[in-house]
Amino acid sequence: MIYRIVYILLAIAIFSSSCNNKKDQSSSATGNSSRDSAHVQIKYAKGLAITYHNNYRLIDISDPEGKNETIYHYALVSKGQSIENIPKDYIVIETPVEKVICMTTLQLSSFIKLDALDRVIGMPSTHYLFNEQMKQRIEEGKTARIGIEGNFDNELILSLNPDLILVSPFKRGGYESIKDLDVPLVSFLGYKETTPLGQAEWIKFTAMLLGMEDKANTMFDAIEKRYNELLDLTTSVTKKPVVLSGEMRSGNWYVVGGKSYLAQQFRDAGAEYFLKNNDETGGINMDFESVYAQGANADYWRLLVSHTGDYSYDALKQSDARYTDFKAFKEKKVVYCNLRQKPFYENTPVEPEVVLADLIKAFYPDLLPGYKPVYYEMLK
């Protein structure tokens, strides 16, 4: 009887060991250790590349526009894991990170979406900040103002003891002054993506830093689903309106190129950008005459304004009387967002489906009956 019991216990032990070995082999085969977080796949973001290894993840960040050849390398390692065998040119980041400094509202948008503002301990100017939770954190001293671009308070930054600082390396922001602080500077290039879903997908990168991959995957799947549903609404459109964008500032009309993020937004909303044949992905300065020659007969005019109080056609006319010669002005088809009244930059990077719905409602109101615009609306 005793021998029989011993035999049974031995068989159970062997079976259990076999199952564990198979589980370990499966983890190794898929590139994930049992201690890794949820797997993240990148579908749209051109500037993000992720490779999984047994106990770490390698992140390669590059310019989505392809204009800069610099590639930034980061290795994400769960706290307590070994950092052996990681390539020497990769900056090691232990995850999940608890204390982050954000340099832009585009970066902040991911933290807002993930409900992770408690991880943000510092940021620059908060002049146009809308988020009430972040306002309260600043008021209570839980999040510090670290100065403005080109004039950061290095002593304050060091006192915050951040795990990392998210930066936009291709912008002129005085980052040279903080490179020697012995704090990892992590490049965040979502703002250079040329597609709305590509930009929104950078929420997954933020989530990988925070250990919130499952939440980000679920959120992005919902964003993608809704975005594609809206795209289907405009596929049958035959006559597409032409959209002008921008306005005169300091003697120049700042526009973006025909291969830009904004131009793609218009295409997805069933419209054509007035510079659709232009091959630039970034911004362009044009004189009034050039814009007028190409955009005077555009059906719609998209504007981002920073206006105290309610905006109007009279206010637009007062800024430059020549605007009244544009077809979109005459026919009252100006689509605008007032940055003083709406958290455009705080939210829209991770809400492309909402922006798309706004634009479709402006261009084709019958396609979204009953829909109330969130950011863009028709000027009255």
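Considering only F152, N131, P184, the residue lying farthest towards the positive end of the dipole of region 127-215 is N131, judged by Cα position with unit charges set on Cβ.
Accessible surface comparison of K79, K342, probe 1.4 Å, protein chains only, largest first: the order is K79, K342. Rolling a 1.4 Å probe over the heavy atoms of the protein chains gives the chain an accessible area of 50 Å² per residue. Apolar share of the accessible surface for region 176-290: 46 percent from carbon plus sulfur atoms, 1.4 Å probe. Given region 213-344, what percent of its DSSP beta bridges are antiparallel, to the nearest 5? So the antiparallel bridges amount to about 40 percent of the total. For E65, the accessible area of its heavy atoms, probed at 1.4 Å with every protein chain present, is near 50 square angstrom.
For the set M286, M378, the ranking by accessible area, highest first and with no ligand, DNA or RNA atoms included, is M378, M286 under a 1.4 Å probe.
Springs join every pair of Cα atoms under 10 Å in this Gaussian network model of the chain, and among S187, S245, S290 the largest mean-square fluctuation is at S290.
Across region 335-343, computed HN-Hα scalar couplings (Karplus, 6.51 cos²θ - 1.76 cosθ + 1.60, θ = phi - 60°) run 9, 9, 9, 8, 5, 7, 10, 9, x Hz from first to last residue, x flagging Gly and Pro.
Calculated on the alpha-carbon coordinates, the convex hull of region 258-366 measures out at 120 cubic angstrom per residue. Axis angle, to the nearest 10 degrees, between helix 352-363 and the longest C-alpha principal axis of the chain: 20 degrees. When the chain is treated as a GNM with alpha-carbon contacts under 10 Å, the residue of I71, I157, I101 showing the greatest mean-square fluctuation is I71. May I ask you to list the lysines whose Cα is less than 24 Å away from that of K380, ignoring any residue fewer than eight positions away on the same chain? Those lysines meeting the cut-off are K240, K317, K327, K330, K332, K333, K342, K361, K372. Per residue, the convex hull around the alpha carbon atoms of region 113-227 comes to 118 Å³. Here the chain is assigned +1 on the Cβ of each Lys and Arg and -1 on the Cβ of each Asp and Glu. Its dipole about the Cα centre then comes out at about 700 debye.
Around the Cα centre of region 163-292, unit charges on the Cβ atoms of Lys, Arg, Asp and Glu (plus for the first two, minus for the last two) sum to a dipole of about 320 debye. Placing unit charges on the Cβ atoms only, positive for Lys and Arg and negative for Asp and Glu, gives region 235-380 a dipole magnitude near 280 debye about its Cα centre. Amide H contacts of I91 (H built 1.01 Å from N, in plane; Pro and chain starts excluded): H73, Y74, A75 sit under 5 Å, all sequence-distant by 5 or more or on other chains. Annotation: extensible slack from Y371 through K225 equals 50.8 nm (criterion: 0.36 nm per residue apart, minus Cα-Cα distance). For the chain, rounded, prolate or oblate, judged on the Cα gyration tensor with a ≥ b ≥ c (square roots of eigenvalues), a/c < 1.5 rounded, else prolate if a/b > b/c? Prolate shape, in that a/c is at least 1.5 and a/b is the bigger ratio.
Straight-line cross-link partners of K79 among the lysines, defined as a Cα under 28 Å from its Cα and at least 8 positions apart when in the same chain: K22, K23, K43, K88, K99, K113, K142, K179, K204, K215. Projecting the Cα atoms of Q294, T348, T308 onto the dipole axis of region 289-380, where Lys and Arg carry +1 and Asp and Glu carry -1 at the beta carbon, places T308 farthest toward the positive end.
For q values of 0.26 Å⁻¹, compute log₁₀ I(q)/I(0) with the Debye formula on a Cα-only model of region 176-236, without solvent. Results for region 176-236 at q = 0.26 Å⁻¹ read -1.07. Taking amide H as placed 1.01 Å from N in the peptide plane, R302 has its amide H under 5 Å from the amide H of L244, S245, G246, V335, each at least 5 places away in sequence or on another chain.
The values are calculated or read from the model by the stated rules, or taken from the named source; none is laboratory data. Predicted model, so just to flag it, every value in this text is computed and none were measured. Because the Cβ atoms are built from the backbone with ideal geometry, glycine has one as well, and the counts that use them run over all protein chains shown. Heads up: the accessible areas ignore ligands, DNA and RNA and are worked out on the full protein's heavy atoms, side chains in. Shrake-Rupley method; radii C 1.70, N 1.55, O 1.52, S 1.80 Å.
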